[in-house]
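Visitor: Got a structure here, written out as structure tokens. Questions coming.
FYI, it's all coordinate maths here, none of it is from the lab. Just so it is clear, the structure is predicted and the values come from calculations on it, not from any experiment. Glycine gets a Cβ as well: all are built from the backbone with ideal geometry, and neighbour counts include every protein chain shown.
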2 protein chains.
Amino acid sequence: MGGDFAPEEAVKGVAQYFSEHPDNAAHLFLFGDPEKAAAYLPLIATYTDKYTLVPASQVIGMHEHPTKALKEKPHSSIAIGFGWLQAGKVDAFLSAGNTGAMMVGAMYSIKAIEGILRPTIASPMPRTDGTYNLLLDVGANADCKPEHLVQFAELGSLYVQRVWGVSEPRVALLNLGEEEGKGNLLAQATYPLLKANQNIRFIGNVEGRDLFSDKAHVVVCEGFVGNVMLKMAESIHNIFVQRGVQDEFLTHLNYEIYGGTPILGVNAPVIIGHGISPALAFKSMIEEAGRIISADITQAFKEHFSSTQAS
Amino acid sequence: MGGDFAPEEAVKGVAQYFSEHPDNAAHLFLFGDPEKAAAYLPLIATYTDKYTLVPASQVIGMHEHPTKALKEKPHSSIAIGFGWLQAGKVDAFLSAGNTGAMMVGAMYSIKAIEGILRPTIASPMPRTDGTYNLLLDVGANADCKPEHLVQFAELGSLYVQRVWGVSEPRVALLNLGEEEGKGNLLAQATYPLLKANQNIRFIGNVEGRDLFSDKAHVVVCEGFVGNVMLKMAESIHNIFVQRGVQDEFLTHLNYEIYGGTPILGVNAPVIIGHGISPALAFKSMIEEAGRIISADITQAFKEHFSSTQAS
């Protein structure tokens, strides 16, 4: 039921996923209002053995206060989804609903992985070669300390390596200049920590102009900056599409292609979708969830941060 | 001599300016190495009464340390330019040279206007309707306090009003959400100050996606974020141009059209150009300097901040 166009687009996305992946064994649990979904269920009628509709009678609105809404609406799709995820009845949970509720729900149900100071929301950013970089944090942590950015770097590096198959991903610090010593106080304090970190392949600072380049696979920054960049990229996409520009890089700027932004550092895979997600975005999120589950990234994070802590 | 393509592109820009503004009474003083400029001076040979070549035997490199370079190179075009500006022998100074040296030169020669805590670098950002918004700070002040952002808001508002002729410009705070109370600590602390400020027309928060929209004429943020956004916009322009996309908004994303970024809050007009400025950018900077001089924005700033201080 999450997102502005639920349940129609969610169901359509599920239909698209099933039709494109006929041999995939994944079973989807759809949390939502059966009555509202009824009109669209015929779209997935041929796949009844591949999904289960789990009734959720409440909906958390896009502008509701996350903590309050989760407490007061235990029958919402988000609350039920996290309940199932926590109980291990599903392997990943995704929604295009209230971002704050998704973040709070993750923190209070499955919780942060031991050793993780601040779980983070990461967003793919397209390169001109058709692949993607990973930018994090993009909004979960508006204000950060150097040690948070260091963990983002490790989380992002592991994610890109395990889920996307990039061997030895290059990690960079977003900054306003390339030279060491440049930047605001946070960047200046973070640089030496990243440089000394043996768990990542740190290549130094990158600037705003390098986000779409092949300089780094993982770019770390404070959530405030990352959020502003993500939304700016989105607006650039929308402006040019509205103006009738057709271009492959422009297509890859479309968040629908990558679908959503995973929360990294919590005890199970969670993906947050855009509020205005159409079918394609839902399909893409389900695909990414599949890759995340196959890579068992949560286990990789757990092992990494327990050993990092111990050392 | 500033910029990667000096003096060729600078002289070509001057030629373009003279040819497009035959009736303008402006006299240009060109600071540079006469020998290096010699090859290009024929381009402006018909305008010898409109310019004066002022010899400058030294050049501050793009990667030199600003303070050190200014001290050790008193015969550089930047050092001489600020000397002339301070002495009142020119009404405005522009260069595509070392940004840091331009900022430091301004601070140590003409200095900040009394009452200004932190002079700021502002950048035009194109709207889809062909006009521009003003984003500030874009890099002079990586870390800011709320009172700095408030002054940026007043400086930007006055600039857009006086130099660009926008009556009652709308001023917004860059943030990661629209609602009051959203944001990092800085944005949360700045919002109420802007809201209570009687000198500006504050319309609240805008997000990264609103930079190119008509929501606000002036968008204020910390220099770290603004710099990242400016460079990201620049890269978007370059990527699409390289990919052969042709579009009017894309054209307006080109910094060459607006030329450079003025320093606001110092005792005389200064414009910093991009290091890779071609002729068009130099021409645009000279035009903007003309508008700044005509609007007598420095006097407007002085009056505003002396009265604001007193009240």
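Visitor: Check A:Phe29: other-chain or 5+ apart residues with amide H under 5 Å from its amide H, H built from backbone geometry?
Guide: Correct list: A:Thr52.
Visitor: Mind scanning A:Lys73/B:Lys215; A:Lys182/A:Lys231; B:Lys68/B:Lys283; A:Lys89/A:Lys111; B:Lys111/B:Lys283; A:Lys36/A:Lys89 and naming the pairs with a C-alpha gap bigger than 28 Å?
Guide: Going by Cα-Cα distance, A:Lys73/B:Lys215; B:Lys68/B:Lys283 fall outside the 28 Å limit.
Visitor: With an 8 Å Cα cut-off and a minimum separation of 6 or more residues, compute the relative contact order for chain A in percent.
Guide: Here the relative contact order equals 23 percent.
Visitor: Per the helix-only calculation at 222 nm, which mean residue ellipticity applies to the protein assembly as shown, given -39500 (n - 2.57) for every DSSP H run of n ≥ 4 and division by its residues, nearest 500 deg cm²/dmol?
Guide: So the helix-based figure for the protein assembly as shown works out to -13000 deg cm²/dmol.
Visitor: Let me ask something else about it. Rounded to two decimals, what is the ratio between the C-alpha radius of gyration of the range B:117-258 and 2.2 N^0.38 Å?
Guide: 1.01
Visitor: Only counting other Cβ atoms within 10 Å, I'd like B:Leu30, A:Leu41, A:Leu173 sorted with the fewest neighbours first.
Guide: Fewest-to-most Cβ neighbours within 10 Å comes out as A:Leu41, B:Leu30, A:Leu173.
Visitor: Please report the relative contact order for the range B:62-135, taking Cα pairs under 8 Å with a sequence separation of at least 6, and give it as a percent rounded to a whole number.
Guide: It comes to 27 percent, rounded to a whole number.
Visitor: One-quarter of the Cα convex hull surface for the range B:103-166, in nm²?
Guide: Mean orientational projected area (the range B:103-166, Cα hull): 5.1 nm².
Visitor: Further question on the same structure: Taking the convex hull of the Cα atoms, report for the range B:1-54 its projected area averaged over all directions, in nm².
Guide: Taking a quarter of the hull surface, the average projection is 3.4 nm².
Visitor: Can you sort B:Leu155, A:Leu280 by how many other beta carbons sit within 10 Å, fewest first?
Guide: Exposure proxy ranking, most exposed first: A:Leu280, B:Leu155.
Visitor: Could you please rank A:Ser294, A:Ser167, placing first whichever residue has the fewest other Cβ atoms within 10 Å of its Cβ?
Guide: A:Ser167, A:Ser294
Visitor: As a test of the definition: which semi-axes, in Å, follow for the protein assembly as shown when you take the square root of five times each eigenvalue of its alpha carbon gyration tensor? Largest first, please.
Guide: Each semi-axis is √(5λ); the values are 49, 24, 23 Å.
Visitor: Identify the trypsin sites (Lys or Arg not before Pro) of the range B:1-92 meeting these criteria: DSSP loop state and at most 11 other C-beta atoms within 10 Å of the C-beta.
Guide: Here the trypsin sites (Lys or Arg not before Pro) that fit, given the DSSP loop and packing criteria, are B:Lys89.
Visitor: Compute the convex hull volume of the Cα atoms of the range A:245-301, divide it by the residue count, and report the result per residue in Å³ as a whole number.
Guide: 90 Å³
Visitor: Return the equivalent ellipsoid semi-axes of the range B:65-158 as a descending list in whole Å, where each equals the square root of 5 times an eigenvalue of the C-alpha gyration tensor.
Guide: Semi-axes from the Cα gyration tensor: 26, 16, 13 Å.
Visitor: Still on this structure, please answer the following. Measuring from centroid to centroid over Cα atoms, what is the spacing of the range A:258-276 and the range A:126-168 in Å?
Guide: 13 Å
Visitor: In the range B:106-212, which GluC sites (Glu not before Pro) fall in coil by DSSP and have 15 or fewer other Cβ atoms within 10 Å?
Guide: Counting only loop positions with at most 15 other Cβ atoms within 10 Å, the GluC sites (Glu not before Pro) in the range B:106-212 are B:Glu114, B:Glu178, B:Glu179, B:Glu180.
Visitor: Let me ask something else. Kindly provide the pair-distance distribution of chain B built from C-alpha pairs, with 10 Å bins from 0 and whole-percent values in order of increasing distance.
Guide: 6, 28, 34, 23, 8, 1
Visitor: Taking a quarter of the surface of the convex hull around the Cα atoms of the range B:1-115, what do you get in nm²?
Guide: Computed as one quarter of the Cα hull surface, the answer is 7.6 nm².
Visitor: List the distances, in nm to one decimal, from the label point of B:His65 to the label points of the same position in every other copy, shortest first, placing each label point 7 Å from Cα along the Cα-to-Cβ direction.
Guide: For B:His65, the other copies' label points sit at 5.2 nm, shortest first.
Visitor: Another question, if that's okay. Hey, what's the per residue convex hull volume over the C-alpha atoms of the range A:201-275, in cubic angstrom?
Guide: Output value, Cα hull per residue: 126 Å³.
Visitor: Per q in 0.16 1/Å, what log10 I(q)/I(0) does a Debye calculation on the alpha-carbon atoms of the range A:152-231 return?
Guide: Log10 of I(q)/I(0), two decimals: -0.55.
Visitor: Mind giving me the FRET efficiency for A:Ala38 and A:Ala300? R0 is 56 Å, r the Cβ-Cβ distance, nearest 0.05 is fine.
Guide: 0.90
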